[in-house]
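Asks: Have a look at the structure that comes next, please.
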Amino acid sequence: MDVLDALRAWPARRWMVAAATAAATYLLIALPTDLIPNPVFGREIPPTAWSYWALGLSAVLSGLVTATYVATPEEAQRPREGRLGMAGALVTFFAVGCPVCNKLVLLALGYTGAIQFFEPIQPYLAAGAIVLLAWAFVARVRRESSCVLPERPLTPVS
């Protein structure tokens, strides 16, 4: 079963979780990075055009990854693992944020360093975040449709 077949088999509950998580991810990143103008947060450097696309794609992938954690009845007892999706969402925050508004970057590099060194790598951070999220999503979907062997105790060889 490939990824598209697995998506077609998803119940409505998974799609609702994916949509809600995608919307929440977009808002939770877009508001503090001021991609959505608001009176609480501001930017000294205007956002780039690619920031909106990177955030949108990352939000959709975050929603899809999260939806893979919604268990179907036959999967309810299977163990869950993986952290690539969380890493991808965190990297997205740094990728689309204002380079001089990020306190961690300012502490590490200073204002000039943020402009000279951090701002040019932000598109690569965005691409890396998208790759991490896509990798996590594909791995989770493929793992769901993999053959599960029953556990049996080891027997000593005589």
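Asks: Once phi is turned into θ = phi - 60°, what whole-Hz ³J(HN,Hα) does the Karplus curve with 6.51, -1.76 and 1.60 give for every residue of region 8-16, x standing for Gly and Pro?
Replies: The phi angles translate into 5, 8, 5, x, 4, 4, 5, 5, 5 Hz.
Asks: Heavy atoms of the protein only, probe of 1.4 Å, neighbouring chains included. What is the accessible area of Val91 in Å², nearest 10?
Replies: 40
Asks: Moving on. Subtract the Cα-Cα distance of Ile45 and Trp15 from 0.36 nm times their separation in residues, and report this length gain in nm to one decimal. Don't jump to the answer; show the numbers that get you there.
Replies: Details: separation 30, 0.36 × 30 = 10.80 nm, distance 3.58 nm.
My answer for the length gained is 7.2 nm.
Asks: Rounding to the nearest 20 debye, state how big the charge dipole of region 1-54 is about its Cα centre with +1 on each Lys and Arg Cβ and -1 on each Asp and Glu Cβ.
Replies: Working: 4 positive and 4 negative charges, 43 e Å.
In debye, rounded to 20, region 1-54 gives about 200.
Asks: Same structure, new question: Across region 111-123, in residue order, what do the Karplus-derived ³J(HN,Hα) couplings come to in whole Hz, using 6.51 cos²θ - 1.76 cosθ + 1.60 with θ = phi - 60° and x for Gly and Pro?
Replies: After applying 6.51 cos²θ - 1.76 cosθ + 1.60, I find 5, 5, x, 4, 6, 6, 10, 7, 4, x, 8, 4, x Hz.
Asks: Gain in length, Arg8 to Ile115, computed as 0.36 nm per residue apart minus the alpha-carbon separation, to one decimal in nm?
Replies: Details: separation 107, 0.36 × 107 = 38.52 nm, distance 4.44 nm.
Stretched out fully, the Arg8 to Ile115 stretch lengthens by 34.1 nm.
Asks: Once phi is turned into θ = phi - 60°, what whole-Hz ³J(HN,Hα) does the Karplus curve with 6.51, -1.76 and 1.60 give for every residue of region 47-58, x standing for Gly and Pro?
Replies: With the stated coefficients, region 47-58 comes to x, 7, 5, 5, 4, 5, 5, 4, 5, x, 5, 5 Hz.
Asks: Can you pull out the GluC sites (Glu not before Pro) in region 1-75 that DSSP calls coil and that have at most 12 other Cβ atoms within 10 Å? If you can, show how the numbers build up before the last one.
Replies: Details: sites: Glu44, Glu74, Glu75; in loops: Glu44.
Here the sparse-neighbourhood loop sites are Glu44.
Asks: Show the residues, 5+ positions off or on another chain, whose built amide H is closer than 5 Å to the amide H of Ile36.
Replies: When sequence neighbours closer than 5 places are left aside, the close amide H contacts are Leu31.
The values are calculated or read from the model by the stated rules, or taken from the named source; none is laboratory data. If you're wondering where the values come from, they're calculated on a predicted model, not measured in any experiment. In this analysis, Cβ positions are derived from the backbone assuming ideal geometry, glycine residues included, and neighbour counts consider all displayed protein chains. SASA here: full protein model, heavy atoms, side chains in, ligands and nucleic acids out. Shrake-Rupley method; radii C 1.70, N 1.55, O 1.52, S 1.80 Å.
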